[in-house]
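The values are calculated or read from the model by the stated rules, or taken from the named source; none is laboratory data. Please read these numbers as outputs of a predicted model, since none were measured by experiment. Here the Cβ positions follow ideal geometry from the backbone for every residue, glycine too, while neighbour counts run over all protein chains shown. Protein only, heavy atoms only, side chains kept; ligands, DNA and RNA dropped before computing areas. Shrake-Rupley method; radii C 1.70, N 1.55, O 1.52, S 1.80 Å.
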Amino acid sequence: MATVDSLPSGAVTPASERLSRPLDSIDIPHKQVKKICCIGAGYVGGPTCAVIAYKCPHITVTIVDLNQARIDAWNSDDLPIYEPGLDEVVKAVRGKNLFFSTDVDTAIKEADLIFVSVNTPTKKSGVGKGFAADLGYVESATRHIAKVAESDKIVVEKSTVPCRTAQSMRKILDSNGKPGARFDILSNPEFLAEGTAIRDLFAPDRVLIGSLDTVNGRAAAASLADVYGNWVPRKQVITMNLWSSELSKLAANALLAQRISSINALSAICEATGADVDEVSYAVGLDSRIGPKFLKASVGFGGSCFQKDILNLVYLSESLHLPDVAEYWRQVVEMNESQKRRFTQHIISSLFNTLTGKRLAVLGFAFKKDTGDTRESAAITLIKYFRQEQAKIAIYDPKVEESQIWYDLAEPGVVDDVTALKKQVTIASSAYEAAEGADAVVICTEWDEFRDTKLDYEKIYATMNKPAFIFDGRLILNQKKLEKIGFKVECIGRSRLEESFE
Ligand SMILES: NC(=O)C1=CN([C@@H]2O[C@H](COP(=O)(O)OP(=O)(O)OC[C@H]3O[C@@H](n4cnc5c(N)ncnc54)[C@H](O)[C@@H]3O)[C@@H](O)[C@H]2O)C=CC1
Ligand SMILES: O=C(O)[C@H]1O[C@H](OP(=O)(O)OP(=O)(O)OC[C@H]2O[C@@H](n3ccc(=O)[nH]c3=O)[C@H](O)[C@@H]2O)[C@H](O)[C@@H](O)[C@@H]1O
């Protein structure tokens with residue numbers, strides 16, 4: 001098989017050969033990784049490195065964090081993250097070859113390979129405010145490595161970062177590291193989705209490893225590939241240049257989010273014409289060039305990454321003097337905001353043009369099902385809109401902690417907001433409790449337990465004000481079945497013009 005090195009320039013080869021550097025072709029010696037340190041015990045560092053420990057019993061994995069409470073939780077029976085299958089993985093290996101600690105220095109010193117898996121939020125102030133990624137945590141973790149490391153280390157960017165961040169890390173390491181300690185930097189972006197993290201990590205579509213095209217760079221990539229090789233088929237471990245790898249992560253998230261904004265834009269047309277967005281998704285998804293995934297219309301995408309990573313791409317494009325490109329990607333986020341406004345407007349007009357004093361039962365607060373994560377959840381924005389309309393809101397979510405809901409809804413810096421908030425908002429312990437006396441149920445998260453096959457909607461209907469409305473922001477309900485009970489059902493991407501010629 002041809003490698004990048006052996007290709008004459010301009011040669012045309014199949015994409016898989018042209019774009020990746022097949023690891024089998026590497027015959028240079030490379031180090032076998034025995035000890036791994038992961039800096040950052042969050043949604044990515046925790047599950048990712050727990051799975052590495054689980055799949056590689058011969059490797060010792062230590063996950064470190066500055067946050068003592070988070071580490072204590074990882075060492076307890078009540079893990080800091082809800083993720084199906086995570087408990088079993090952690091319990092199987094914790095204390096054997098998986099350790100959680102705040103002793104960052106020792107873990108760095110002992111490791112052959114260090115994952116940097118810290119947060120990279122959108123900047124809140126300064127140059128690039130609201131768009132650029134705040135790389136402060138990546139820089140501080142990198143400086144920590146430089147200060148403490150006494151031997152050669154492979155340093156792996158696991159965090160999602162702007163293109164060419166590896167260059168900055170390299171400069172910091174080279175100019176601050178101890179003499180005799182060499183650092184090889186790799187990009188290894190993570191593609192897991194919350195709620196399916198363990199499944200995604202056990203059987204990833206691909207593992208991406210970016211490295212410099214040097215002997216040391218390739219050897220480092222081969223060392224990391226060996227780690228994944230313990231359970232991921234070699235052909236799914238793709239190697240490429242560092243900058244392609246960094247950009248591929250932003251590109252993947254941007255394209256996924258773009259599909260959701262595209263189907264949500266179509267949902268608005270469906271509502272105005274009598275087309276049904278689920279039928280449209282199904283029809284276009286059967287085209288093998290388009291495919292069926294990520295075409296579910298919704299109240300809008302949430303989660304810690306889609307918006308952040310697209311805004312990061314917008315900022316990168318602007319920095320590169322590509323305003324049209326920046327505008328193109330900005331529109332994906334704008335469409336997402338528009339979907340939330342449109343859904344709210346539909347609720348207001350259906351409820352006779354006022355929400356003042358009306359009771360809304362919000363079912364679901366997490367940004368998607370099977371996670372307790374609420375970062376950028378559409379529910380937060382919708383509830384803020386409902387509050388502005390003076391509605392009374394009862395929220396139920398099966399996994400989100402009550403304290404997290406109050407934290408997300410409070411307006412930072414607004415005096416007495418919590419008192420005002422608690423006059424308008426209550427947190428219920430079940431969907432039934434939330435819906436009692438409500439004028440409308442609003443489905444914000446697609447939890448399975450909200451489906452009409454799981455919840456007793458007749459019981460809910462009996463306790464609600466009439467007419468009793470349901471607004472299905474996730475398209476999980478059988479509209480006809482609920483209408484038979486007596487509900488007025490309004491769904492994203494569907495209208496009452498259905499099948500009528502009038
Ligand atoms: N959440 C997700 O599903 C995914 C996230 N990512 C990316 O992975 C990165 C991490 O994301 P999350 O795990 O969600 O963030 P997180 O906020 O849950 O975890 C980051 C952790 O890093 C710790 N930390 C920060 N600086 C540190 C330092 N200098 N030393 C030790 N610990 C430090 C923080 O205390 C925190 O616990 C981000 O760049 C994100 O974009 C990528 C794929 C999926
Ligand atoms: O970089 C990241 O953080 C991760 O971001 C997403 O994962 P995640 O945000 O955890 O969850 P998704 O399943 O992508 O859902 C994101 C949002 O889009 C919504 N969504 C998803 C799919 C769909 O068809 N419609 C839709 O509205 C979800 O409800 C959710 O609010 C990507 O899917 C992961 O590959 C990536 O690693």
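Observations on the structure shown:
- Annotation: amide H-H contacts under 5 Å for residue 426 (H modelled 1.01 Å from N, sequence separation of 5 or more, or interchain): 393, 394, 395.
- Cα-based shape type of the stretch 331-399, given that a ≥ b ≥ c are square roots of the gyration tensor eigenvalues and the cut on a/c is 1.5: oblate
- Cα-Cα separations in the stretch 45-147 greater than 16 Å, expressed as whole percent: 61
- Reducing the stretch 446-497 and the stretch 83-132 to their Cα centroids gives an inter-centroid distance of 41 Å.
- Overall shape: prolate for the stretch 138-291, with the ratio a/c of the largest to smallest alpha carbon gyration tensor axis at 1.5 or above and a/b above b/c.
- For the stretch 467-472, the Karplus equation 6.51 cos²θ - 1.76 cosθ + 1.60, evaluated at θ = phi - 60°, returns couplings of x, 9, 9, 10, 10, 8 Hz by residue, with Gly and Pro reported as x.
- In this structure, residue 102 and residue 423 have a Cβ-Cβ separation that, at R0 = 35 Å, corresponds to a calculated FRET efficiency of about 0.30.
- Relative to the longest principal axis of the Cα atoms of the chain, helix 323-350 runs at roughly 30 degrees.
- Spatially proximal lysines relative to residue 34 (Cα-Cα < 16 Å; intrachain offsets below 8 disregarded): 55, 96, 109, 153
- Stretch gain in nm, segment residue 196-residue 174, where the contour uses 0.36 nm per residue and the Cα spacing is subtracted: 4.1 nm
- 222 nm mean residue ellipticity, helices alone, for the chain (DSSP H n ≥ 4; -39,500 (n - 2.57); rounded to 500): -13000 deg cm²/dmol
- Under 5 Å, built H, 5+ apart or other chain: amide partners of residue 113: 35, 37, 154
- In order through the stretch 92-102: 3J(HN,Hα) via Karplus (6.51 cos²θ - 1.76 cosθ + 1.60), integer Hz, x for Gly, Pro: 5, 10, 4, x, 9, 10, 10, 9, 10, 7, 9
- Exceedance of the 21 Å cut-off in Cα-Cα distance is limited, within the set 340/454; 158/296; 340/392; 293/384; 249/308; 308/399, to 340/454; 158/296; 293/384; 308/399.
- In order along the stretch 486-491, the Karplus-derived 3J(HN,Hα) couplings, from 6.51 cos²θ - 1.76 cosθ + 1.60 at θ = phi - 60°, round to x, 5, 8, 10, 10, 10 Hz, and Gly and Pro are given as x.
- Square roots of five times the Cα gyration tensor eigenvalues for the chain, Å: 44, 26, 21
- Loop-located trypsin sites (Lys or Arg not before Pro) in the stretch 165-218 whose Cβ has at most 16 other Cβ within 10 Å (DSSP): 182, 206
- Per-pair calculated FRET efficiency, R0 = 22 Å: residue 110 and residue 72 via Cβ, rounded to 0.05: 0.55
- Note on the stretch 295-335: with charges restricted to the Cβ of Lys and Arg (+1) and Asp and Glu (-1), its dipole about the Cα centre is near 220 debye.
- In terms of its C-alpha gyration tensor, the stretch 86-126 comes out oblate, because a/c is 1.5 or above while a/b does not outweigh b/c.
- Segment residue 449..residue 325, full-extension length gain: 40.5 nm, with 0.36 nm per residue of separation and the alpha-carbon distance subtracted.
- Rolling a 1.4 Å probe across the protein heavy atoms gives the chain an accessible surface of 46 Å² per residue.
- Farthest toward positive dipole pole in the chain [+1 Lys/Arg, -1 Asp/Glu at C-beta], among 461, 476, 204: 204
- Apportionment of accessible area to carbon and sulfur, the stretch 159-279, percent (1.4 Å): 56
- The residue 478 and residue 129 beta-carbon pair, evaluated with R₀ = 41 Å, returns a calculated FRET efficiency of approximately 0.35.
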